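The values are calculated or read from the model by the stated rules, or taken from the named source; none is laboratory data. Given the structure is predicted, the values throughout are model-derived calculations rather than measurements. Note: ideal-geometry Cβ built from the backbone for every residue, glycine included; neighbour counts use all protein chains shown. Please note that ligands, DNA and RNA were not included when accessible areas were found on the heavy atoms of the full protein model with its side chains. Shrake-Rupley method; radii C 1.70, N 1.55, O 1.52, S 1.80 Å.
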Amino acid sequence: MAGFIGRRILWGALVLLLVAVITFFLSRVVPADPAAFLAGQNASEETVARIRAEHGLDQPMLLQFRDYATGLVQGDLGESIRTRRPVAQDMAQFLPATLELLLVSFAAYLVLSLSLAILAVRRPGGAMDGAVRLFTMLGTGIPVFWLGMALQFVFYYKLQWFPLGARFPIREIAPPEVTGFLLVDCLIAGNPGAFVSALQYIALPALTVVLNLLAVGTRMSRAALLAERERLYVRTARGKGLSPRQVLFGHMLRNALSPILTVTTIQFGYLLSWVILVEVIFDWPGIGLYAFQSFQVFDYSPVIALALVSTFGFVVLNLLADLLYPVIDPRVEAVTS
Amino acid sequence: MLEVENLTVSFSGRDGRAVAVDGISFSVAAGETFVIIGESGSGKSLTGMAIAGLAPEGARVGGAIRFDGQDVVGLPDARMRRVRGRQIGIVYQDPLGALNPVHTVGDQIAEALRVHGLARGREAMARAVSLLERVRIPDPARVARSYPHQISGGMRQRAVIAMAVACNPKLLIADEPTTALDVTIKAQVLDLLRDLKAELSLTTLLITHDMGVVAEVADRILVMYAGTVVEVGPAASLMDRPAHPYTSVLLASAMMAEAPPQTALTVVPGGTPPLGAMPEGCRFHPRCPRATARCRAEVPVLRGVGGGQAACHHPLVETPEDAL
Amino acid sequence: MKLRVLSALFPTVLAICAAPVQAQSTFVYADTSEPSTIDPAKANANWEFTITRNVFDRLVNFDLDDPAVLEPALATEWSQDGTTWTFKLREGVTFHDGTPFDSADVKASLDRLKELGRGQSYLVSGISEVAAPDPATVVITTEAPNVYLAGNLARIEIASDEDIANHDEAWFGENANGTGPYKFVSWTRGTQIELARNTEWWGSFPEGVFDRVLVRVVADGQNRAQGVEGGTYDMANFIPLDDAMRIVEREGFHKVEGNNLWAWPAIYLNVNLAPTDNIDFRSALVKAFDYEAIKAFNQGLGTIPRGPVPAWFPGSPEADMPEIKTDVEGAKADLAASGLGGATMKCVIPNTVTEFRFSATVLQAAAQQIGVTVEIEEAPFVEAITAIKENRSNCFILGNANLSPNDATKFFAAHYLEGGFFNAGKFRDQELEDLIAAMPAEQDEAKRAEMLAKAAQIVVDSHYIIWAARPTTVVVEPDRIGGYRIDPAEYVNIRFWEIHAVE
């Protein structure tokens, strides 16, 4: 078990290193010069050259990489040219907002895809099954970018049901930052009103992320549940006098969880990328928006950091999933030992 | 105690309605061991499941099944659930499949007690352990904590039996309980069923394709072929002097003791006709050595033959009318 | 039925749950980007000026309605005597942290700006020495007589000498202690910067001025538009024209119009790479270009530039210059004269701006009419400007904007003189170099105007630039708010101290 985890961590480190190398050189291949942006209009060549030197951009690429890699090993993600702060500090600042969106979306995804699958599987081929399929297909068919804007248009602009472009009502005082997770901070502050507000602000971005993933998620959960329905233990459970609901929640769900977990792990990768996109659409102040805005001015350290952080997240998630399989299904313990 | 009257189980398919159990009737008296025997596809398992209210989705059940005087056909599931598991216990063919792989054996037995409100929490688990003991599982506490894949096939079937009898049911439906087991285990399980029957004064409905099993336990036997009853009667007379050609072939195959059960039935040339393409007249006639033109045209009805009843135009035993 | 009740109930429930604890008198401004820095010596983008211009004061301000007029700010009087400028400072002014303002602050701020050489330092590049003979007097010596110095100082913010002595650059990057009308309160990275009105300010506020200002970072133009329209934001920096025109038609909104850029877009032609090295060829392109197409693209708002200097600029020759109009026949004649008929040229343009892309297509179509092929390639800004500088591209597109209210020389230096970073096509004209160098020393305003006219004409005659349009800036102001004025020499600006609520 420990050996397994050790091996996986080693693998994860290797993957991270590879990502660092690839993204670094990719970022240097694009002949972009953030210095010119910093210099601004009416700047002289001289000013631009000085800024370039300040950020070490005039050094040979390999030398730049050496410096970057040395820093990376020491946990230094470099400095953002745009915010003029250490990237690690920026990441620490923006990560909670991203994680909050990610976790809320993920939870919503799990709940929605499972509930819809359960609704659909009650009568396969029935009207509800069809409705669920249509609804989820619509969500997937629409590109995230457009979906986000459409949701904004309808629910903010037309209906005014949901607010826009922040994590909290702008004119109100947000609860003091303790965890950086606004929802949690609202609860810590003992302010349920603020919690509801924060929930409203996160609703549309999260929904945008989730709707896109729902079709695949629901279809896979539905298929997994449908497969379980055919299994003999279901008949046994019914034979004991369990109601269909008891059979579903007490027996089928846990069995279906393994394939669902596999799909979910893959979906999580998409989730991560959609969260980043949605941050840009909704001005959600997370690491995605941070990296995007940096990218626009060719400030690449944040972009590399984003790649590293999301890769790290993915590695951790996969490890978690592998550790979770035997918990869900006692038959697979052999894999990890 | 159990009366089945004109039971039909049918499925609607693309080519119309396929009738898998076609109007069978029988009754089981309290305390007896009633065996339904037939090849796979004969509708015997469907009959058993229909009685338990577990006919597969899409199946339409017709006729009447009176359990303790109450017709359970068309009974709302919520009411049937109080009967199932509580009054009727069921043992299944494939104990590995029948057990939920992600729950411990003990949990699954205890659940049967919990769902009927007979025990709760730790007490349910303690009773599960004693039930395991009752079905003669050594080290029952350990087995209760085990997952199905961690114990042997015989133990699994005993666990399934323990689950079936957990609530002291009146009727035990055992659907091919020994098919998946090897010979020695099979004998042990049959012994167990017989003992439990005595201990718990169970009425047993045993469903099997294996005449060898029948001989050991049956009080009365019903032979099914292609969804119909071909012969029914007391075990002794039926096995001694079968009236229907099909029954005699089944018996002959059982005589070849060494032959594994699967090959035994190949003695009867051909197989059960598919649901959608039932032959006219006697459904057995294409495989019957005694078939005549009458058999091809006219459906035989059950009538008294020998010690029981058979549906055959040319029975192997004289009918009471013939004797006259 | 259920759904109808629900949908009717839903907003109500939301409203109850989130009943706003609206702080009185808060103004929310949606800006385009987050500042990289709020250091007055480094700030160089309009979204950074949003903070620095309001938190800090300058020695002088200029009248937005007439940039030729300088108004007293931290300085009450000023005079030039050759290379020496003397400023008399306002007394009784204090910084937000309570420390008094005096000449040492001015000296320290200007010295720091020059030393760092960043941000707007190009505006004060001619200063050789700053002296503070007494607390209320600053004497600035310039390398050469510079009549524009006071005007350029209208862009230079003054920080405290104690802060400069006690804090490092990083502190200045995210803290601000000025004398200005608004105090810096907090900066929530990625979200907003909060300002609070400085009730001790020396200047006067209008009735209904806002006590609290929140500058939000809203990168997406659509979001800013929807936010202003929906009332989430009071005003926004740059709303896309289509949205702006739509919103101002709505009840409760009006438009503030003004001319704030010199020319946008401007197509630079590489004078060192064939075929654009040929002046007749360039002239043909200038004549062939379809200016009306760009005007239509801008919904008819704006004017067609006649040269580099807009009409509002003090001493502008624009009104007396001939119009530049599409003249396909003239273009064909020029092309024939160049002997480059059927030539092919390459345009590497920045890929971020719609107007750039559109004007490149217009150029392509115009050139095709006279038989010249234009190949367009889009690239990131830096790649595009590098391509033309390394002679891999015949043209480049950018705005042609000055950021000084009355000094054209800095703008000419950056765009049309040798060594200017934005002189992408490497244009060089000795007469122009001499004119621009001499202009600041000329005391006579009329003569300066004459020089400016000449300089403008040189650039026009060189056919180095195609000025596609000088668009009108449209700012959306809700009827409940007043006081916004467009800064003609800034992309977009906002003076929070002039903004107020309207009953």
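Odds and ends about this structure:
- Local electrostatic count, A:F195, Cβ distance below 14 Å [Lys/Arg +1, Asp/Glu -1]: -2
- Inter-part distance where the stretch B:115-136 and the stretch A:278-331 are each reduced to a Cα centre, Å: 48 Å
- Nearby lysines by direct alpha-carbon distance to B:K197 (threshold 18 angstrom, same-chain neighbours under 8 apart not counted): B:K170, B:K186
- Label separation (C:E71 vs A:M61): 5.4 nm, computed from points 7 Å beyond Cα along the C-beta direction.
- Inter-chain Cβ neighbour average for residues A:165-175, partner chain, 10 Å: 6
- Spatial separation of Cα centroids for the stretch B:1-45 and the stretch C:355-415, in angstrom: 87 Å
- Per residue Cα convex hull volume in Å³ - calculated over the protein assembly as shown: 236 Å³
- Total formal charge among the other residues, if their Cβ is under 12 angstrom from that of B:L251, Lys/Arg +1 and Asp/Glu -1: -2
- In order along the stretch B:38-43, the phi-based Karplus estimate (6.51 cos²θ - 1.76 cosθ + 1.60, θ = phi - 60°) of 3J(HN,Hα) comes to x, 6, 5, x, 7, x Hz; Gly and Pro are listed as x.
- Buried solvent-accessible surface, both chains (C, A), 1.4 Å probe, Å² to nearest 100: 4700 Å²
- Whole-Å semi-axes of the stretch B:57-116's equivalent ellipsoid (Cα gyration tensor): 26, 15, 10
- The translational diffusion coefficient of the stretch C:39-175, from Stokes-Einstein at 10 °C and 1.306 mPa s with a Kirkwood hydrodynamic radius over alpha carbon pairs, comes to 106 µm²/s.
- For the stretch A:242-322, the equivalent ellipsoid derived from the Cα gyration tensor has semi-axes of 37, 15, 7 Å, listed largest first.
- Unpaired cysteine residues in chain B (no second Cys Cβ under 4.7 Å): B:C167, B:C288, B:C312.
- Rg to Rh, two decimals, where the stretch B:54-211 supplies the alpha carbon set and Rh follows Kirkwood: 0.96
- Estimated vicinal HN-Hα couplings, Hz - the stretch C:333-349 in sequence order (Karplus 6.51, -1.76, 1.60; Gly, Pro = x): 5, 5, 5, 4, 5, 6, x, 10, x, x, 5, 10, 10, 10, 10, 9, 10
- Whole-percent carbon and sulfur share, accessible surface of chain A, 1.4 Å: 71 percent
- Taking a straight line from the alpha carbon of C:K325, these aspartates and glutamates sit under 18 Å away, with near neighbours fewer than eight places off in the same chain left out: C:D280, C:D290, C:E292, C:D334, C:D461.
- Converting phi to 3J(HN,Hα) with the Karplus coefficients 6.51, -1.76 and 1.60 and the offset θ = phi - 60°, the stretch A:242-258 yields 6, 6, x, 5, 4, 5, 4, 7, x, 10, 5, 4, 5, 5, 6, 5, 4 Hz in sequence order, with x at every glycine or proline.
- Between the stretch C:94-164 and the stretch C:213-281, the C-alpha centres lie 32 angstrom from each other.
- For the stretch C:39-175, the per residue solvent-accessible surface stands at 35 Å², with DNA, RNA and ligands left out and a 1.4 Å probe.
- Shape metrics for the stretch A:93-284, restricted to C-alpha atoms - Rg then Dmax, Å: 18.9, 60
- Taking every DSSP helix (H) stretch of at least 4 residues in the protein assembly as shown, weighting each as -39,500 (n - 2.57) and dividing the sum by the residue count yields a mean residue ellipticity at 222 nm of -14000 deg cm²/dmol.
- Mean separation of Cα contacts under 8 Å, 6 or more apart, over the residue count of chain C: relative contact order %: 20 percent
- Per residue value of the accessible surface for chain B (all protein chains in place, 1.4 Å probe), Å²: 42 Å²
- Per-residue mean of C-beta atoms belonging to partner chains within 10 Å, peptide C:380-387: 5
- Charging the Cβ of each Asp and Glu at -1 and of each Lys and Arg at +1, and nothing else, the dipole of the stretch C:63-147 about its Cα centre rounds to 300 debye.
- Counting protein heavy atoms only, chain C has 51 percent of its accessible area on carbon and sulfur, 1.4 angstrom probe.
- B:I151 sits among other residues whose Cβ lies under 12 Å from its own Cβ, and their net charge, with Lys and Arg +1 and Asp and Glu -1, is +3.
- For a straight C-alpha distance cut-off of 22 angstrom, the lysines reachable from C:K426 (same-chain residues fewer than eight places away being disregarded) are C:K287, C:K346, C:K389, C:K410, C:K454.
- Cα radius of gyration and Dmax for chain C (Å): 24.6, 83
- Measuring spread by the Cα atoms of chain A yields a radius of gyration and Dmax of 23.6, 84 Å.
- Dimensions (Å) - chain B, Cα atoms, principal axes, largest first: 66, 44, 39
- Over the Cα atoms of the stretch C:263-467, the radius of gyration divided by the Kirkwood radius equals 0.95; this is the Rg/Rh ratio.
- Of the trypsin sites (Lys or Arg not before Pro) found in the stretch B:1-82, those in coil by DSSP whose Cβ has at most 14 other Cβ atoms within 10 Å are B:R14.
- Peptide A:151-157 has a mean shielding of 3, counted as Cβ atoms of other protein chains within 10 Å of each residue's Cβ.
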